[in-house]
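See below for the structure under consideration.
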Amino acid sequence: MSFTLTIRAGPARLASRIPEFAKASSGPAAAIRAFHKSAPKTTNFFTSRTTTPLLIAQKPATNSLLARLQGARRGYQYQSHTQPQPDSGLLMRKLLYGGAMVGGTWVTLQFMFNRETRADGGMPPYERSYLNKTFMHTGLGIGIIGLTAYQMLQTGFTYRLMVTNPWVVAIGGLALSFGSMLATRAIDPDNYIPKYACWAVFNATQAAFVAPLLAMAPPALLARAGLYTIAMMGAISFVGATAKQEKYLYIGGPLLAGAAIVAVSGFAPLVLPATAVRTLAFTENLWLYGGLAVFGGFTLYDVQRVLYHARLAQAGVIKEDPVNESISLELDFLNIFVRMVQILMMQQNRRK
């Protein structure tokens with residue numbers, strides 16, 4: 001009987017002791033829960049990094065590494081899906097505009113500057129061979145300049161040049177550039193080793209001048225500038241190679257005068273005050289677009305001079321020297337390329 005009364009009284013006793021449990025719930029455990037709940041949310045920048053290890057520590061040790069790898073994989077996939085996709089229509093329009101510009105330039109050059117073609121039945125084999133050798137050395141020299149500039153940029157040599165005295169670097173670089181160029185031209189073409197050694201030094205000095213530009217411009221812009229430069233020089237070279245013999249050799253003097261004006265306009269910011277905004281803008285446009293016209297004319301002149309030297313070499317008057325011929329075309333390429341890069345950078349800054 002007593003056992004039965006005790007069991008039946010269990011729920012009643014439990015109900016009677018509910019206030020005691022309520023009092024106990026307001027003890028230390030409740031204080032701990034209240035402490036966790038009432039903790040203010042901080043706006044610290046490093047909050048996510050400090051709380052993540054605590055959450056991972058509560059998981060089993062065998063799954064923590066797997067969870068991290070899965071989380072990294074999910075984050076990587078999420079980032080890859082959120083990247084903006086390139087607009088194919090915009091890319092096609094750019095390709096069409098570029099093709100139209102190249103085609104229009106070629107047609108204009110053909111009808112304006114190449115109306116009088118060669119009357120000797122085309123280019124003789126010796127002229128073609130000499131021109132091909134010159135273009136091969138020009139491409140090799142540009143490749144050496146590009147690779148050397150890239151290595152200078154990767155090894156930090158360009159940074160060391162930029163942080164030193166700029167006047168000492170500029171004057172010393174110009175002196176070394178002119179000295180190596182004159183030495184290359186003066187050495188007989190039969191002395192292969194010293195001639196190519198001086199030519200390599202000349203290309204290295206040109207790479208030192210181009211390397212800072214590679215550090216400032218993005219690779220895509222450099223590729224576009226190189227493509228535009230190759231298209232421009234290719235079209236002009238075709239006109240010079242197929243035009244009448246010695247038709248454009250007379251423009252050497254006017255081109256030298258134009259080059260002097262372009263060089264003076266490049267030094268204008270060192271002389272003119274900063275308040276002469278219009279004058280500085282005019283000199284900058286003269287240096288950019290006037291330089292493109294001048295060195296495009298130099299490309300036309302140099303190609304016709306190469307063919308003229310090929311005829312002299314065939315007659316035995318001079319020796320064939322494609323290395324010397326390539327130096328002029330390399331300088332034309334670099335001057336056009338630098339201006340193309342600067343023009344594209346200005347357009348990109350205006351869009352931002």
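Any read-out appearing in this document is the output of simple, stated calculations on the displayed coordinates, not a laboratory observation. What you are looking at is a predicted structure, and each value in this text was computed from that prediction instead of being measured. Reconstructed Cβ throughout: ideal geometry from the backbone, glycine too, with neighbour counts over all protein chains shown.
Residue by residue, region 292-309 carries 3J(HN,Hα) couplings of 4, 5, 5, 7, x, x, 5, 4, 4, 5, 5, 5, 5, 5, 4, 5, 5, 5 Hz when phi is fed to the Karplus relation 6.51 cos²θ - 1.76 cosθ + 1.60 (θ = phi - 60°); x denotes Gly or Pro. A straight chain from Ala276 to Ala215 at 0.36 nm per residue would run longer than the Cα-Cα distance by 19.0 nm. Residue by residue, region 321-329 carries 3J(HN,Hα) couplings of 9, x, 5, 5, 5, 6, 4, 5, 5 Hz when phi is fed to the Karplus relation 6.51 cos²θ - 1.76 cosθ + 1.60 (θ = phi - 60°); x denotes Gly or Pro.
Rounded to 0.05, the FRET efficiency of the Ala268 and Asn349 pair, given R0 = 35 Å and the Cβ-Cβ distance, is 0.95. Label separation (Val163 vs Ala313): 4.6 nm, computed from points 7 Å beyond Cα along the C-beta direction.
As a rough guide to protection, the peptides 160-168, 286-294 ranked by mean Cβ packing within 10 Å, highest first, stand as 286-294, 160-168. Each peptide in 210-220, 329-339 receives the mean, over its residues, of other Cβ atoms within 10 Å, and ordering these scores from highest gives 329-339, 210-220.
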